[in-house]
């Protein structure tokens with residue numbers, strides 16, 4: 001199978017290409033693109049969470065442990081002394097990092113249920129919840145992050161299958177077919193449990209409708225078609241550089257980015273500014 005460095009490198013290239021396409025298509029603004037790109041890169045290594053000594057599992061459980069311990073600290077900050085808070089923080093950190101880690105690997109099987117499209121969908125839903133509920137991102141941005149996560153996850157599975165083919169020897173290795181699969185039929189109990197958790201996660205996740213509406217907009221695809229290739233010289237290497245902003249917007253109006261806002265703004269906080277002298281009652 002592909003090693004950790006290969007998965008990171010390919011995941012970064014794929015996520016970067018998607019991020020460029022997303023910004024160029026004016027789906028979201030620059031303030032959100034880094035977060036969704038990192039979600040894609042993370043997805044490219046997450047399937048190896050079922051590899052006990054793998055870097056992905058070590059990093060993931062360490063991150064979960066740190067996050068959980070600080071949640072425990074903040075929740076109990078007003079109720080206990082500093083000495084007790086130290087004990088709670090360190091205890092929750094060790095319990096999750098080593099206790100949960102050990103419990104997980106008593107039942108996890110490498111290239112089992114975590115190497116499946118079902119697992120990718122689970123991580124996509126969890127990513128959407130993280131972006132929306134913890135980071136306060138708009139539902140469209142949250143699901144775009146989930147989409148990047150899923151594509152990064154899929155990239156990992158495809159790479160593993162490619163490395164399962166011995167092109168020089170013209171043969172398939174024994175591992176072929178164990179990575180890229182919809183569900184894991186070898187362990188139906190694991191698959192059923194993950195399917196139930198996935199349904200719950202998707203129920204708790206924000207609605208993907210804002211993202212679906214954005215990417216299905218004819219205006220988006222029309223603008224993407226216009227910006228996909230340069231109108232003149234490539235990067236202005238030959239001849240005078242082209243002012244893209246002026247060329248695309250000859251009237252000089254400001255170019256806005258991000259058809260999906262970064263954050264959800266309550267409607268009552270939005271003020272409509274009318275031109276001077278215009279009376280809304282007159283309309």
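The values are calculated or read from the model by the stated rules, or taken from the named source; none is laboratory data. Keep in mind the model is a prediction, meaning the values are calculated, not measured. Ideal geometry is used to build each Cβ from the backbone, glycine not excepted, and the neighbour counts take in all protein chains shown.
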Restricting to segment 132-149, and then to whatever is surrounded by 24 or more Cβ atoms within 10 Å (Cβ to Cβ) and within 9 Å of the chain's Cα centre (by Cα), can you tell me which residue is farthest from residue 160 (Cα to Cα)?
142
Mind counting the residues in segment 1-15 that are in a helix (DSSP H, G or I) and modelled with pLDDT under 80?
1
Are any residues in segment 204-233 at pLDDT 90 or above and either assigned to a loop (DSSP other than H, G, I, E, B) or in contact with a strand residue (DSSP E or B) (Cβ under 6 Å, 6 or more places away or on another chain) (or both), and if so, which ones?
205, 206, 207, 208
Candidates 108, 128, 119, 124 - the one that is on the phi < 0 side of the Ramachandran plot and surrounded by fewer than 19 Cβ atoms within 10 Å (Cβ to Cβ)
108
Subset of segment 74-98 (residues that are modelled with pLDDT under 90 and buried (at least 17 other Cβ atoms within 10 Å of the Cβ))
96, 97
